[in-house]
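S.K.: Quick one: structure below, then a few questions.
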Amino acid sequence: MSRPSRSKSASGIYHVMLRGIDRRKIFILEPDYLKFLEYIEKAKNKCAFEVYAYCLMPNHVHLLLKTEKDEEIGNIIKRITVGYVQYHNLHYARTGHLFQNRFRSEPVEDESYFVTVLRYIHQNPLKAGIVKEMEEYQWSSYYEYLKAEQRQLLDPTFVLNFFPNTEAFVKFMKEENEDKCLDDEQIKVYTDEDLKGLITTYLDADLRSIAESDKKRRNELLKNIKEMTGVSNRQLARVLDIGRGIIERV
């Protein structure tokens, strides 16, 4: 069965999301974030597009882009991701896919939804509980909008023209909301210690006892943990000291 074609944007503006396969981390160390931004910049030198917003989360990426001329959004994303996947796999001695299936995208056709998507992207780290203030997160374009010396990928003029001044922009970006754009599932990122505490507290299960349980009980607990947290199989295997293959079969 052929894949459905993507919705075309009359404005040329798209909200794009890339997620790590099996929700695995796309970015592990600080140089990884820098490398991904570098590949966006390289793609801009080859393709005709503008970046209005981005947010690089540990296991997914949001982009707000405008394509120019007849540039296909798929070509742009391919130029960004292929190089990064090669870098990531070589650096971490792994093979295979890094991103989950095809990227997701939605057309952004009007001004109201444009600023809503902009805010949604910038608030990702806040809603995921990674930071308490958006300006604390350096891997999003919000950081660039506030700090002129940090600007690398975007010209703020187009976006800031939607607001009377920078203060109004900041106020709108920080407004509490229930925005749901493209992917309305906010994924919480757990450290290994957070995950251990969650398992022992809410499942009333000793970490060692899970691995030593009979197969039926073990598999039931593993399913409950995955449904509750959505963590990657790799992290779960590491925390529970259970073979990743066992978890994947479950």
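S.K.: Evaluate the following for S112: is it under 18 Å from E50 (Cβ atoms) and polar (S, T, N, Q)?
M.R.: no
S.K.: Would you point out the residue of the range 62-96, among those that are among the hydroxyl-bearing types (S, T, Y) and in contact (Cβ under 8 Å) with a residue 60 or more places away in the chain, that is surrounded by the fewest Cβ atoms within 10 Å (Cβ to Cβ)?
M.R.: Y92
S.K.: Name the pairs: first residue in the range 102-121 and modelled with pLDDT of 95 or more, second residue in a loop (DSSP other than H, G, I, E, B) and among the β-branched types (V, I, T), Cβ to Cβ under 7 Å, at least 6 apart or on different chains?
M.R.: F114/V108; V117/V108
S.K.: Turning to a different aspect of this structure: In the range 128-173, what residues are within 22 Å of S112 (Cα to Cα), of a type in the set (A, V, I, L, M, F, W, C) and outside any helix (DSSP H, G or I)?
M.R.: Correct list: L154, F162, F163.
S.K.: Kindly indicate whether A93 is modelled with pLDDT of 95 or more and small (G, A, S).
M.R.: no
S.K.: How many residues does the range 16-54 contain that are touching a residue at least 60 places away in the same chain (Cβ under 8 Å) and more than 29 Å from E248 (Cβ to Cβ)?
M.R.: Of the residues in that region, 9 qualify.
S.K.: So, in the range 207-230, exactly how many residues are part of a loop (DSSP other than H, G, I, E, B), modelled with pLDDT of 75 or more and not polar (S, T, N, Q)?
M.R.: Matching residues across the range 207-230 total 1.
S.K.: Cβ-Cβ under 6 Å, sequence separation 6+ or interchain: first residue in the range 162-174 and more than 13 Å from L146 (Cβ to Cβ) and hydroxyl-bearing (S, T, Y), partner modelled with pLDDT under 95 and not in a helix (DSSP H, G or I). Which pairs?
M.R.: Pairs found: none.
S.K.: Quick check on the range 31-40. Is at least one of its residues among the β-branched types (V, I, T) and modelled with pLDDT of 95 or more?
M.R.: Yes, that holds for at least one residue.
S.K.: Within the range 216-236, which residues are buried (at least 18 other Cβ atoms within 10 Å of the Cβ), of a type in the set (A, V, I, L, M) and free of Cβ contacts under 8 Å to residues at least 60 places away in the same chain?
M.R.: Once the filter is applied, which keeps residues that are buried (at least 18 other Cβ atoms within 10 Å of the Cβ), of a type in the set (A, V, I, L, M) and free of Cβ contacts under 8 Å to residues at least 60 places away in the same chain, the range 216-236 yields L221, L222, I225, L236.
The values are calculated or read from the model by the stated rules, or taken from the named source; none is laboratory data. Computed from a prediction, not measured in an experiment: that's the story for all the values here. Cβ atoms come from the backbone with ideal geometry, glycine included; neighbour counts cover every protein chain shown.
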